[in-house]
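Asks: Take a look at this one; I'll ask things after.
Throughout, read-outs are computed from the coordinates displayed, never taken from laboratory work. Every value quoted in this text rests on a predicted model; they were computed, and no experiment measured them. Positions of Cβ are generated from backbone atoms using ideal geometry, with glycine treated the same way; all protein chains shown enter the neighbour counts.
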Amino acid sequence: LPRYDYGSNGVLGYYHAQLTDIVQYPDARTELFHAFRELGNIILFCMLIEQALSQEEVTDLLHAAPFQNILPRPYCAEGEKPETKTKRLEAKYAALQIVQNVDKYGTAKLHLQTLDII
C-alpha cells in the first residue's frame, strides 16, 4: 500500500523504524546534530541577510525616485485640484533631473556621457 493509506501515525512509525539506527548512534547527538544545527544557523543567517538587502534596496529606490522623475502623489483636500499640486512638485524637483539639465546647460560630449551612465 502507498504510505498515505496508513495515515499520519503509520507514516511516522515507518520513518521512526527506519531511522532508529541513526538516532541510537552514539556520536549522533554530539556530531551529527551539531552539524544540523550549524546548517540551520547558516540558512537562517542567509535568509536574514537577504531580508536586510531587500529593505536596503527599497530604501535606495525611494531615495532615487525624485532623480528618476518619479514623484509621490500629492495629498489633496476637498476642493483642491491635484493637477496644480503635481505641477508644483514637478517644478520643485525640476533641478534634480540630470538629463534635462545636461541638455539645457551642457555640451554634446557631456550629454553623451550622461546617456552612457543611464
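Asks: Using the 10 angstrom Cβ neighbour count as an exposure proxy, how do Val102, Val23 rank, fewest first?
Replies: With the sparsest Cβ surroundings first, the list reads Val23, Val102.
Asks: May I ask you to compute the full-extension gain from Glu31 to Lys104, defined as 0.36 nm times their residue separation minus their alpha-carbon distance, rounded to one decimal in nm?
Replies: So the extension gain works out to 19.4 nm.
Asks: Related question: Once you have a ≥ b ≥ c as the square roots of the Cα gyration tensor eigenvalues for segment 31-118, tell me rounded if a/c is under 1.5, and otherwise prolate or oblate according to whether a/b is larger than b/c.
Replies: oblate
Asks: In percent, how large is the relative contact order of the chain, given Cα pairs closer than 8 Å and 6 or more residues apart?
Replies: Result for the chain is 13 percent.
Asks: Something else: Rounded, prolate or oblate: pick one for segment 1-68, where a ≥ b ≥ c are the square roots of the eigenvalues of its C-alpha gyration tensor, a/c under 1.5 means rounded, and failing that, prolate if a/b is larger than b/c, else oblate.
Replies: It is oblate, given that a/c is not under 1.5 and a/b is not larger than b/c.
Asks: Using +1 at the Cβ of each Lys and Arg and -1 at the Cβ of each Asp and Glu in the chain, identify which of Pro74, Met47, Ala64 lies farthest towards the dipole's positive end.
Replies: Pro74
Asks: Under a plain spin-label model, where a point goes 7 Å from the Cα along Cα-to-Cβ, how far apart in nm are Ser54 and Leu12?
Replies: A separation of 3.3 nm, rounded to one decimal place.
Asks: Which lysines does Lys81 reach when only Cα atoms under 29 Å apart count, and residues fewer than 8 places away in its own chain are ignored?
Replies: Lys92
Asks: Hey, another quick one. Please give me the summed charge of the neighbours of Glu83: other residues whose Cβ is under 14 Å from its Cβ, Lys and Arg +1, Asp and Glu -1.
Replies: So the environment of Glu83 carries a net charge of +3.
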